[in-house]
Amino acid sequence: MDNAPRVDIRGPFAGSAPRGPVAAVATVSHPEVINEFVRVRAAAALRPYVAWYIGYRQDGFPATQHRGMPSPYLTLIFTLDDVLTMAGHPDPRQAPGTYDTLLGGLHTSPALITHPGRQSGIQIALHPLGARALLGLPAGELANADLPADAVLGRMCGELQARLQAAGSWPERFAVLDKLLLRATSPYGGVPPEVARAWQLLIRTGGAVPMSALADEVGWSGRHLADRFRREIGLTPKAAARVVRFDRARRRLAAAAGRSQLPRLADVAATCGYFDQAHLAREFRSLAGCAPSTWLAEEFRNVQAPSGEPAEGWMQ
């Protein structure tokens, strides 16, 4: 297990993220405002399954609605204080609801999360190829779905949340996750190597590989690849490519906004493999449910978060 120091919270508006596993650290302290954000990598043995942990705690903010964007990761959330309120799910047929824990699969439309000015919890980004080992089922069975995490994790879910809530600091909470998730991880069948190769190529190219080239690379017909890929991952290769490309583009937009710079959509479109700015804008409206300018105004309205991450809500 990785024993490197995980967290270094150094006062209000920590200027830069520490080296090592910590990707971003910030705290804001004010008599009426709490704003904490910590993103770290999981223990080395978990990294084939877990991309990162994000710890967040906010209080004293205006009530708001946040868009949970399509991304190349499954989402696992454990709340610490208040419940998570889902005003809308990626599948519009699923009724709004509240969750102490939530597990969500890959999706191509936004989730809508509301909070009354406070929220706290830990979000875990899971690699789709690791779903069998960590969750005991393929990521495809969770596509477009949000459900209480105990429906998949069973009794371990309650133990995890109780221990996270009892922990007194972010490093302690992340250590709990490392220990219990490692304990729960075991091989469960296997991902077809052709599907794994196709997914890895999509990630490596930022979603900019032609579908015919993807099929040729793995030695399957396009139709067979689409069917097996969708069953394992939850999206077809074409839909997954759109999500990977969109995720890259929105993070570039967020990074520029987080530096108080006005993002140039044309530059982002060219960098991320879109035909032009109009193509990026259409894809953003399709996948995010709004224009890029609307999303940036919503997410960066009041508080600038570290490393270009949106300040209000951390759900991917």
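The values are calculated or read from the model by the stated rules, or taken from the named source; none is laboratory data. Bear in mind the structure is a predicted one, so any value in this text is a computation, not a measurement. Backbone-built Cβ (ideal geometry, glycine too); neighbour counts: all protein chains shown. Heavy atoms of the whole protein, side chains included, go into the accessibility calculation; ligands, DNA and RNA do not. Shrake-Rupley method; radii C 1.70, N 1.55, O 1.52, S 1.80 Å.
For the stretch 104-163, give the percent of accessible area contributed by carbon and sulfur heavy atoms, probe 1.4 Å, rounded to a whole number. Exposed carbon and sulfur together represent 50 percent of the surface. Coupling constants for the stretch 151-165 follow from the phi torsions by the Karplus curve (6.51 cos²θ - 1.76 cosθ + 1.60, θ = phi - 60°), and in residue order they are 5, 10, 7, x, 5, 4, 4, x, 5, 4, 5, 4, 6, 5, 5 Hz; glycine and proline get x. An oblate overall shape is assigned to the stretch 180-266, the ratio a/c of its alpha-carbon gyration tensor axes (a ≥ b ≥ c) being 1.5 or greater and a/b not exceeding b/c. Here the 3J(HN,Hα) profile of the stretch 288-300, calculated from phi with Karplus coefficients 6.51, -1.76 and 1.60 at θ = phi - 60°, is 9, x, 7, 6, x, 5, 5, 5, 4, 5, 5, 7, 10 Hz, Gly and Pro shown as x.
A simple rule links phi to the HN-Hα coupling: the Karplus curve 6.51 cos²θ - 1.76 cosθ + 1.60 with θ = phi - 60°, which for the stretch 102-114 gives 8, 10, x, x, 5, 8, 10, 9, x, 8, 10, 10, 10 Hz, with x for Gly and Pro. The slack in the chain from A213 to D227, taken as 0.36 nm per residue of separation less the alpha-carbon distance, amounts to 3.4 nm.
Grab the other residues whose beta carbon is less than 12 angstrom from that of L202, score K and R as +1, D and E as -1, and report the net.
Surrounding charge for L202 is +4.
By the Cα gyration tensor, the stretch 62-168 has an equivalent ellipsoid whose semi-axes, rounded to whole angstrom, run 20, 19, 11 from largest to smallest.
Between G88 and L112, the built amide H atoms are under 5 Å apart, and every one of these is 5 or more places off in sequence or on another chain. How would you classify the stretch 120-249 from its alpha-carbon gyration tensor, with a ≥ b ≥ c the square roots of the eigenvalues: rounded for a/c under 1.5, else prolate if a/b is greater than b/c, otherwise oblate? Prolate, because a/c is 1.5 or more and a/b exceeds b/c. In the context of the full set of protein chains, residues of the stretch 54-139 present 29 Å² of accessible surface per residue (probe radius 1.4 Å, heavy atoms only).
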